[in-house]
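Encoded as structure tokens, the structure appears first; notes follow it.
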Amino acid sequence: MELNLQHWRLTRDDQGIAVATLDRAGEATNALSAALMAELAHILDSLDKAPPTGLILRSGKEAGFIAGADIGEFSQLDTPEKGRELVTRGWNLFNRLAAVPYPTLALVRGHCLGGGLELALACRYLLAVDEAGTKMGLPEVMLGIFPGWGGMLRLPKRVGPAAALDMMLTGKTVDAKRAKKMGLADDCVPPRVMEMAARQLLLSGLSRRPLPFMQRLLGGPLKSVVANGARKQVAKKARPEHYPAPYAIIDLWEKYDGNALAAPEIIDRIITSPTARNLVRVFHLQERLKGFGKASDFTAKRVHVIGAGVMGGDIAAWCALRGMTVTLQDQTLERIAPALKRAHALFTKRLREPLKIRDAFDRLLPDPNGDGVAHADVVIEAIFENVEAKHALLKSLEPRMKAGAVLATNTSSLKLEDLRTVLQQPQRLVGIHFFNPVAMMPLVEVVEADLADPAAVQAACAFVKQIDKLPLPVKSEPGFLVNAVLAPYMLAAMRVVDEGISPETVDEAMLAFGMPMGPIELVDTVGLDIAMAAGKQLAGGAEAPRCLIERVEKGQLGKKSGQGFYDWSSGKAAKAAAGSVPAGLAERLVAPLISRVEKLVADGVVGDAALADAGVIFGTGFAPFTGGPIHFRQGQT
């Protein structure tokens, strides 16, 4: 039969092996649209008439295998009927693929996510290509939905229920080696032999490695044990009223073997929920932030960081982790040593393999004399917040830097216009403002001073994207966006403590609202002295809360001193039981934060309301299921 294919290429070799290559027309990445899946059904129709020796499914894109379902189509699901139709389409198609009489193999190179992994799971074999970009996962929960095209059925049968639920409930991904080790991939090979290995595995007739007996028990008679344990773990991080999807995944696996069509009421409730709509909005906001890093072709290979304190040291470690050669400067080797120790801990946690850990550590070079300045593509100043000290440093750096290199400050509270007065080319200074802890926080504010060189700002955004962070352009104003909105929020929380409500109750009110951490614990984490200084600068001259003044006078500065509002001697905040939360307390506490966001948008500190929502979500953890502070307020009016 004649196939008129727009997104796939179908070939057959001398051995009778059919190869279906997915190359979505007009797009840089593959995503499973309705049209693309209809073409796959036509391919299967064709192969039914003339069965091949075997079928290999692969990508024709450099970017990876398949990024998932088409988010644009998902965004248009405004009725329960459309939601059920979407689930039915993928469920039936992938079940059909799984049932074909000839062997099938997914050749996975690059990202293989969501519906892409569900397609690969429907094949008899999965061959993973061992290179940096190969990542597999079912991250639908991050969009407030579930893997409805067979992932909830097939992944637990491949890797065991505990490992499968962990992937589905967190959205975490695994690389090629890990995929093979856990049984997700049948094999893992380097790119140079992937073609030969794919054909050999396809025709091998090998049976899949059976799950151990205990895993089969946990996926059968003992399902409820696994499901109840998973519910307890999820409850520690997400409340069902805020994030219903993870609870739905557990229910669908436990009661319906992963077949969402057997529980259409769950499909209706999840896919058209406000949480799913808002998390899809957050996904689009995240993609918009990534877009700021694409406006320049600037690429950094070498980075020089001055200041080996917690921020500077952790910035240097993160850049080395992301593959750059980094020189870290401070006055003595003794001052740099703690940063190197923290860096080694980060590399060990993230990379796991001894050779990769060693390579990362070799890329991080202590540099007390600052010799790396002359070779660096990006120079980041991260010393203490003092204008005179920064002036002396910036003045000494400028003549030693390469032309075209980015000169950046990590200042959190000083105006760039005040810092750059000593420079011959003041327009080249940009802010690259990281948040603590650097390895955990996805947002980086890229600060543009008045009359800054646009090329320098764009290069800074490109660098931020290169190290896998989200760049948010902001204007040079005290506190920029994130710190400027946190200050009134933390002050409001402490004023409530002054009124006699316990810190635990205040924190519980905001945890129930959906914040990842209560505001009083946040003050302790940031440091009460820093909160005091920020409050003076950002609170418009208002007097500091009594509870803050009293603790600072006693030297109780929060987590770093072991005592603040809470006792931190164990490394965690020791909290008494919260009292009953007064009605309307959360709304009262969040109101000054939202008002400050709206004012910063009006003042042009951030480009528009949507970007402000993105910045506050990714910079403070503001409850993502709300869609952001301004979006939340608009939904209330």
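Taken together, the values in this text are just the output of simple stated rules run on the coordinates, not laboratory data. Remember, it's a predicted structure, so these values are computed and weren't measured experimentally. Cβ: placed from backbone, ideal geometry, glycine included. Neighbour counts: every protein chain shown.
In order along region 64-73, the Karplus-derived 3J(HN,Hα) couplings, from 6.51 cos²θ - 1.76 cosθ + 1.60 at θ = phi - 60°, round to x, 6, 9, 7, x, 6, 6, 5, x, 5 Hz, and Gly and Pro are given as x.
Seen from V581, the other residues with C-beta closer than 12 Å to its C-beta sum to a net charge of -3, counting Lys and Arg as +1 and Asp and Glu as -1.
Mean projected area of the Cα convex hull of region 211-264, taken over all directions, amounts to 4.2 nm². Solvent-free Debye calculation, one equal scatterer per alpha-carbon of region 483-636: log10 I(q)/I(0) at 0.19 Å⁻¹ equals -1.20. Spin-label pair A345-D498: with each label point 7 Å from Cα along the Cα-Cβ axis, the two points sit 3.6 nm from one another. Net charge in the neighbourhood of V590 (other residues with Cβ under 13 Å of its Cβ; Lys, Arg +1, Asp, Glu -1) is +1. As a size descriptor, the averaged projected area of the C-alpha convex hull of region 1-68 was calculated at 4.6 nm².
List the chymotrypsin sites (Phe, Trp or Tyr not before Pro) in region 28-104 that DSSP assigns to loop (not H, G, I, E or B) and whose Cβ has at most 15 other Cβ atoms within 10 Å. Which are they?
none
Backbone amide hydrogens, once placed in the peptide plane, bring A376 within less than 5 Å of K402, excluding anything fewer than 5 places away on its chain.
On C-alpha positions alone, give me the angle between the axis of helix 333-351 and the longest principal axis of the chain, in degrees, nearest 10. Rounded to the nearest ten degrees, it is 20. Of the trypsin sites (Lys or Arg not before Pro) found in region 177-222, those in coil by DSSP whose Cβ has at most 14 other Cβ atoms within 10 Å are R208. Between region 54-119 and region 404-479, the alpha-carbon centres lie 40 Å apart. Only sites in a loop by DSSP and with at most 12 other Cβ atoms within 10 Å count here; which GluC sites (Glu not before Pro) in region 232-336 make the cut? Of the GluC sites (Glu not before Pro), the ones in loops of region 232-336 whose Cβ has at most 12 other Cβ atoms within 10 Å are E241. Working from the Cα coordinates of region 8-272, the gyration tensor eigenvalues give, after taking √(5λ), semi-axes of 29, 21, 17 Å in decreasing order. Quantify how much of the Cα-Cα distance distribution of region 271-312 extends past 12 Å, in percent. Tail fraction, whole percent: 74.
In region 344-458, the DSSP beta bridges split such that about 30 percent are antiparallel, to the nearest 5. Projecting the Cα positions of I271, P80, P190 onto the charge dipole of region 8-272 (unit charges on Cβ atoms of Lys, Arg, Asp and Glu, taken about the Cα centre) puts P190 furthest along the positive direction.
Sorting the segments 23-29, 493-499 by their residues' average number of neighbouring beta-carbon atoms within 10 angstrom, most packed first, yields 493-499, 23-29.
Taking the C-alpha atoms only, the angle from helix 161-170 to the longest principal axis of the chain is near 50 degrees. Computed from the C-beta positions of K301 and K49, the FRET efficiency with R₀ = 41 Å rounds to 0.15.
Electrostatic bookkeeping for V174 treats Lys and Arg as +1 and Asp and Glu as -1; over the other residues with beta carbon under 11 Å from its beta carbon, the sum is +4. So which lysines pass the test for K341, namely a Cα distance under 28 Å, with those fewer than 8 places away in the same chain ruled out? Here the lysines satisfying the reach criterion relative to K341 are K172, K177, K301, K349, K356, K390, K465, K469, K559, K560, K572. Computed over region 296-476, the alpha-carbon pair-distance distribution with 10 angstrom bins reads 10, 42, 37, 9, 1, each value a whole percent. Between N228 and V422, the simple label model (points 7 Å from Cα in the Cβ direction) yields a spacing of 6.5 nm. Amide H to amide H, with H built 1.01 Å from N, L443 comes under 5 Å of L470, counting only residues 5 or more places away or on other chains. Of all beta bridges that DSSP places with both ends in the chain, some 20 percent have antiparallel geometry.
Only helices enter the 222 nm calculation for the chain: every DSSP H run of n ≥ 4 contributes -39,500 (n - 2.57), and dividing by all residues gives -14500 deg cm²/dmol, rounded to 500. Between 0 and 90 degrees, the angle of helix 80-98 with respect to the longest Cα principal axis of the chain falls at about 60 degrees. Residue-wise HN-Hα couplings along region 584-589, as the Karplus relation 6.51 cos²θ - 1.76 cosθ + 1.60 with θ = phi - 60° gives them from phi, are x, 5, 4, 4, 5, 6 Hz; Gly and Pro carry x.
Multiplying the residue separation of S207 and K572 by 0.36 nm and removing their Cα-Cα distance gives an extension gain of 126.6 nm. How large is log10 of I(q)/I(0) for the chain at q = 0.12 Å⁻¹ when the intensity is taken from the Debye formula with one equal scatterer per alpha-carbon? Rounded to two decimals, the profile gives -1.35.
Fully extending the segment from S396 to K294 would add 33.6 nm, taking 0.36 nm per residue of separation and subtracting the current Cα-Cα distance. With both labels modelled 7 Å from their Cα along Cα-to-Cβ, the A374 to Q331 distance reads 2.5 nm.
A Cβ-based charge dipole, computed about the Cα centre of region 36-172 with Lys and Arg at +1 and Asp and Glu at -1, lands at about 420 debye.
Altogether, the Stokes-Einstein calculation at 37 °C and 0.692 mPa s, with the Kirkwood radius of region 7-141 over Cα pairs as Rh, returns a diffusion coefficient of 216 µm²/s.
Near K135, the amide H atoms lying under 5 Å from its own belong to G110, H111, C112; only residues 5 or more places off or on other chains count, and H is placed 1.01 Å from N. Sequence-ordered 3J(HN,Hα) estimates for region 133-139 from the Karplus curve with 6.51, -1.76 and 1.60 and θ = phi - 60° stand at x, 6, 9, 10, x, 10, x Hz, glycine and proline given as x. When +1 charges are put on Lys and Arg Cβ atoms and -1 charges on Asp and Glu Cβ atoms, the dipole computed for the chain relative to its Cα centre reaches about 1780 debye.
Note on R588 and T79: with the Förster distance fixed at 35 Å, the Cβ-Cβ geometry gives a FRET efficiency of about 0.45. Taking Cα centre as origin and charging only the Cβ of basic (Lys, Arg, +1) and acidic (Asp, Glu, -1) residues, the dipole magnitude of region 219-296 rounds to 460 debye.
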